[in-house]
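Novice: Before I ask anything, here is the structure I am working with.
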Amino acid sequence: MPIYEESGLRITLPDGESFRFQDCPSYQILNGKNLSEIDFGWWDASKDTLCLLEVKDYSGLSPSERLPQHLLDKLINKVTDTLMLLSSVWFASLQGQQICSDLPVSCQTFPIKPKKIKIVIILKINSDIKIRDELSPIKTRLKDKLLGRLQLFDIKHVTLVDHETAIKMPLPIEVI
């Protein structure tokens, strides 16, 4: 099983069923071309689901600090660009065919119903109540901004949670 350390979390993914676009040679060609990606992807065979996971570490914020204003735009871009990357694979564009060869076979085709796509964004934060209170409005705005894009892929919603909630969900993460 591949084990990654990212943003102060350890992520354990299924062997042969996971990917990181940043590690794909075909994606690295696109680096620096105003394209962003979600950190991890894997096929969860038990749920017939393509899982996409983004993690951000804001645990260094002091109690008086707030989450950065640009966070919402950054997350919107990551989700949108990742769906575009996957679409290029599923549509078999020239660049998509190259990216396809770097992905597990289970992720190379669009997950047709009842299969689905799940997007989870985890923010590692201190247990500060003030910062936790910021998550709900960000989640609502994220959902509103992505609504049409998610519907194009039959995605019901994006999950935005703090790392402690994510561990309880359960997701394949733990605090380092």
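Novice: So is Pro137 in a loop (DSSP other than H, G, I, E, B) and of a type outside the set (Asp, Glu) or not?
Specialist: no
Novice: Restricting attention to the stretch 112-134, which residues are assigned to a helix (DSSP H, G or I) and surrounded by fewer than 18 Cβ atoms within 10 Å (Cβ to Cβ)?
Specialist: Within the stretch 112-134, Ile129, Lys130, Arg132, Asp133, Glu134 qualify.
Novice: Sort through Trp90, Trp42 and tell me the only one that's touching a strand residue (DSSP E or B) at 6+ places or on another chain (Cβ under 9 Å) and not aliphatic (A, V, I, L, M). Write out each step before concluding.
Specialist: On the way: Trp90 fails: touching a strand residue (DSSP E or B) at 6+ places or on another chain (Cβ under 9 Å).
Testing whether each residue is touching a strand residue (DSSP E or B) at 6+ places or on another chain (Cβ under 9 Å) and not aliphatic (A, V, I, L, M) leaves just Trp42.
Novice: Name the residues in the stretch 123-148 that are in contact with a Ser or Thr (Cβ under 8 Å, 6 or more places away or on another chain) and modelled with pLDDT of 95 or more, would you?
Specialist: Leu146
Novice: Right, here's the next one. Would you call Thr165 surrounded by 12 or more Cβ atoms within 10 Å (Cβ to Cβ), without any contact (Cβ under 8 Å) to a residue 24 or more places away in the chain and closer than 22 Å to Arg66 by Cα?
Specialist: Here the answer is yes, as Thr165 does meet what is asked.
Novice: Looking at Leu83 and the list (1) touching a Phe, Trp or Tyr at 6+ places or on another chain (Cβ under 9 Å); (2) over 15 Å from Cys51 (Cβ atoms), which single condition is not satisfied?
Specialist: Unmet condition: (2).
The values are calculated or read from the model by the stated rules, or taken from the named source; none is laboratory data. Please read all numbers here as calculations on a predicted model, not as lab measurements. Glycine also receives a Cβ, built like all others from the backbone with ideal geometry; neighbour counts cover every protein chain displayed.
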